[in-house]
Amino acid sequence: MNANEEIVDFDRTIGPWLGKTLKMVDYHLQEALSDAGLDITKEQMIVLKRLHKEDGLPQNELAMLTFRDKSSLARLLSKMEKKQYIVRVQSQNDKRINKVYLTEIGRAIFKNTRPVIKQTLDIMEHGISAEEKSAVIKVLKKIQINFEAEQLHYI
């Protein structure tokens, strides 16, 4: 190793711990959804949650709000349309814009995910005090702010 190379002690940095934890949460949530007989992925659930909060979002805005690129969101929405969870409707004012709406099936699936999410969160937060939870949230928010600030440097 040359003298100019930095040594990174990955066990003492946040990134690997955050990444491994996220993968574990994703795995356990997907298993719980599957065990509950729900034909939905975490990514689809995020879209349903966003539309539950604000139905009829333009597809491009939905991509931005869910941190997905436009083409991967389009593929995800196509799968969701086949399952009849959502419907895309062309805007009357601007034919280039598709608005995305929940269907009754999508609303029911979203409602049925709630207990599964609660159970997964209960497992994840078991043995963690309110103070510890608050501290973790505070640190994660700082990490998000750091990345948002970094993005502004590229604009």
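The values are calculated or read from the model by the stated rules, or taken from the named source; none is laboratory data. None of the values given here were measured: they were computed from a predicted structure. For neighbour counting, all protein chains shown are included, and Cβ atoms are generated from backbone atoms with ideal geometry for every residue, glycine included.
General observations
- For the stretch 73-108, a residue qualifies if it is farther than 14 Å from Leu57 by Cα and touching a residue at least 40 places away in the same chain (Cβ under 8 Å), and the qualifying residues are Lys83, Tyr85, Gly106, Arg107.
- Within the option set Ala32, Ala36, being touching a residue at least 24 places away in the same chain (Cβ under 8 Å), surrounded by 11 or more Cβ atoms within 10 Å (Cβ to Cβ), within 30 Å of Ala135 (Cβ to Cβ) and among the small types (Gly, Ala, Ser) holds for one residue only, Ala32.
- Glu131 meets all of the listed conditions (1) more than 16 Å from the chain's Cα centre (by Cα); (2) closer than 28 Å to Thr13 by Cβ; (3) surrounded by 11 or more Cβ atoms within 10 Å (Cβ to Cβ); (4) not β-branched (Val, Ile, Thr) but one, namely (3).
- Test: residue in the stretch 100-113 that is under 15 Å from the mean Cα position of the chain (by Cα) and modelled with pLDDT of 95 or more: yes
- Checking each residue of the stretch 65-85 against the condition of being among the aromatic types (Phe, Trp, Tyr), surrounded by 14 or more Cβ atoms within 10 Å (Cβ to Cβ) and more than 15 Å from the chain's Cα centre (by Cα) gives at least one match.
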